[in-house]
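Student: Here it is: the structure, laid out below.
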Amino acid sequence: MSITTPSRRHYRPDPDPVPRAELPFAASAPNRRGFHCWQVPPTDDRHAARLLGREFAGHFIKYLQDNPGCGAHTLLGQIAADIDFSDDSAASGYWEGFFNTLGQVLTMTTSLLDVFDYIDRLNAQEAARARQRKAAASV
C-alpha cells in the first residue's frame, strides 16, 4: 500500500488559530465528540510509516510554532491518548517515527531552556490562578 506524504505547510492563524483537525494525522471521528488526534492509514510497510511519522512530527512542531498560546500545550497528550500502542503491526512505525523525531528535536533544544526555572514559573502561575479562583468564589 502506498503512503502519501502530506504537503509541508504553515499553520499560521488567519486571523483565527488553525483548527487542530487540519493536522494530517487528525480526523473527525463520528463515534466521539471532537476529532481523533491519531488517524493514520493502514500500512504493511513499517519503514514508510516511520518516515511518515517523522513528517507528522514536523507538522506537529510547525503547528505549535505557528499557534502559541492557543491551547496547543494539551495536544501531545491528546495524540498519545489516541494512539493504539498495543498495535504491533507495521502501522506502529507511524508513532515510532513521530516520537523519535520529537525526542531528537527536544534533545537539540534543551540547551535553550532552564527547565526547572520554567517549571517553577508554571507552578507559580497555577498557584496564582488558584488563589484568584478562591478569592472570586468567596465574594
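The values are calculated or read from the model by the stated rules, or taken from the named source; none is laboratory data. All of these numbers come straight from a predicted model, not from anything done at the bench. For neighbour counting, all protein chains shown are included, and Cβ atoms are generated from backbone atoms with ideal geometry for every residue, glycine included.
Student: Of the residues 67, 123, only one is more than 17 Å from residue 39 (Cα to Cα) and touching a residue at least 40 places away in the same chain (Cβ under 8 Å); which?
Tutor: From the options 67, 123, the qualifying one is 67.
Student: Further, regarding this structure: Identify all residues within segment 13-55 that are at pLDDT below 80, more than 20 Å from residue 95 (Cβ to Cβ) and of a type in the set (D, E, K, R); write none if there are none.
Tutor: Matches in segment 13-55: 14, 33.
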